1. Mind giving me the FRET efficiency for residue 309 and residue 538? R0 is 45 Å, r the Cβ-Cβ distance, nearest 0.05 is fine.
2. Quick check: the angle from helix 629-641's long axis to the longest principal axis of the chain, C-alpha only, nearest 10 degrees?
3. Return 428, 187, 26, 318 ranked ascending by Cβ neighbour count within 10 Å, so the fewest neighbours appear first.
4. I want the antiparallel fraction of DSSP beta bridges within the chain, as a percent rounded to 5.
5. How high is the relative contact order of the chain? Use alpha-carbon pairs under 8 Å, at least six apart in sequence, and give a whole percent.
6. Compute log10 of I(q)/I(0) for the stretch 47-110 with the Debye formula, placing one identical point scatterer on every Cα and leaving out solvent, at q = 0.18, 0.29 Å⁻¹, to two decimals.
7. What's the angle, to the nearest 10 degrees (0 to 90), between helix 260-271's Cα axis and the longest principal axis of the chain?
8. Hey, of (i) 26.9; (ii) 28.9; (iii) 31.4, which did the structure itself give for Kirkwood radius over Cα pairs in Å when calculated?
Amino acid sequence: MNFFERQRQVRRLSRRLVLLFAIAVFGIVAAVDLAVVFVFRGWRQPPAQLLGTVLVASAATGTAIGLAALFRMVGLRGGGGRVARELGGIEVPQDTRDPQLRRLRNVVEEIAIASGVPVPEVYVLEDEPGINAFAAGWSTSDAAVAVTRGALERLNRDELQGVIAHEFSHVVNGDMRLNIRLMGLLFGILFLTVIGRTLLYFGGGRGRDRSSNPLPLLGLAMVVAGFIGVFMGRLIQASVSRQREYLADASAVQFTRQTKGIAGALKKIGGLADGSKLASPKTDEVGHMLFGAGMGFSSLFSTHPPLERRIKVLEPSFNPAELGQLSQRWSAAPPSGMREDLALGLVGRGEAPAGQAPTGQAPRGRASAALALPAVDARATVAPADMIAAVAAPSASAYDRAAAILSQLPEPLLVRARRVDTVVPLVFGLLLATDQQTRSRQHALLADRYGQALADAAFAEANTLAGLHPLLRLPLAELAFPALRHRSPAERDALLGGVFALIHADGLITAFEYCLSRLLYSELRESMQPKPRWGAERRTLAGSQAAVTTLLAALAQAGTPDQGAAERAFQAGTGRVYPQQRLPYIPPARGVVELEAVWPLVDGLRPQDKELLVAAAVAVIGDDGVMTVTEIELLRTICALVHCPLPPLTGVAA
């Protein structure tokens, strides 16, 4: 199942979620109506009055549920970080030097770059000794990944990588959005229980009024009706979650090239006393988004497949009796992930425990020397089918490429990219021109907007970045995104204003300038104003022809200065999406700048139409049989903006 089929599956699950929610609401409303009829002795009322009473009760109950669900979803607009903090999560600093936390951030950064998505916020649930994790957010721009302290303590790097890869499968495939939506709906159908308990507590009355007061009975009825909501909520969680866990496990295996990482994590859950349980009172609300079952329920209500079955799918030779043997061994000496890393040679840069010399190397199997970056003018052969299959489905080679990219970024640059107080000059430095006259003009612009000190710092960064390989520039910017998110909204707006001033300083916007500025804008805007996207992705290719042709024409124009070659590339692309038409090639007068009006339209396409759009973009760029490094990065940017993340370039030959 590729990314686009998963997107269609998520849409089907969304419709099922709405249907189950409607059934739950109907059952709750019916229960409340019966209670109202009983409490107010409706059988003694005239039929018209009884009908009016029932209608009022139904409307009040439905409205209360709907408003509660809406209130909860609006409250979750803070994105994945909001969910993590509600469960007691503490954010991991970008520049942490703690070996365990550095290892976690390194793994998250590697997988984010390999997946083609922004680096999410990272949290640790410090008070949770069980092994668990989750990803939450409305989109990749406001996503957060949280792991328990138990996962940090007990899992080695391979196992932690398998768990994080599993969670990233939920990030890139849109499962997170469905999960947060489900949290809101569950709150709505459980809200009556809260009202009922309140009426029971405060509605008792005193003296002779107590026997005639209907509020306690009504409160009891609402509590009973709330149990219907609890029952339906558990069924909804189970029906939405189970199959996705198998798919996420499979994605993690495809990504990490080995099963022992994620299988080892599952075995440690089964063999340790704390398992995957969470102590947080909000566990039931997030049970459907956890890596392992956070609470113990019967198979009917379980949000996850049985642990033994998940392991068996990964390792067909697995014997469930092994869990008992592991449990006996670990009851005396619980496993230590960091010690296992040292024994297995899995220690990466900055991950060595105190008293151990850091290796400065990528972990075992990630030797960067074997993955040298291609030459600046390298060209890659085009395999459109492989490119489509790679969307949101990073392979082990993509992970190797990401590890190579990170290993070749100088440590001082990484430190400054991760720090809130140094990240802005670094980002501005990426956009300063190589032409000295233009750079001087840009320096003056920065000094006028932000002061001489910041302008000088950006100028110094530009000099440092001058020799950086082009393939490292966008990944460096992506690593800087988390630090930028921690600037205030006013500072982020000012940053975007500075970015646009810099790229317009010489009147010419290069492909790299456009990619970086557009990704920055999209990342920061979505993180400040996350969109639930309920009802999005409804547009069709037929109804978005102008936007699609503008996109393909801009790609053709950027790929070659030859008018004839550009037109042939354009026709190759439009032939994929509009095979029955021959559309005229009209080069955009302002080049890639004209894409600004395109993004809202093409991002709203249905999954099956996005698949065709990406295929058309690949056809345009690869019409001559090869892709340059610049064209590949442009394609990755397009895919990111239509929320179809593409892993980094692999297999480039000089």
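1. Values: r = 37 Å, r/R0 = 0.82.
After rounding, the FRET efficiency stands at 0.75.
2. Here the helix axis deviates by roughly 20 degrees.
3. Arranged by neighbour count, lowest to highest, 428, 187, 26, 318 become 26, 318, 187, 428.
4. Bridges in the chain are about 65 percent antiparallel.
5. Answer for the chain is 17 percent.
6. So the normalised log intensities work out to -0.80, -1.12.
7. So the helix axis and the longest Cα principal axis differ by about 30 degrees.
8. It is the one labelled (i).
Every number in this text was worked out from the coordinates using simple rules, so none of it is lab data. Just so we're clear, the structure is a prediction, and the values are computed from it rather than from any experiment. Note: ideal-geometry Cβ built from the backbone for every residue, glycine included; neighbour counts use all protein chains shown.
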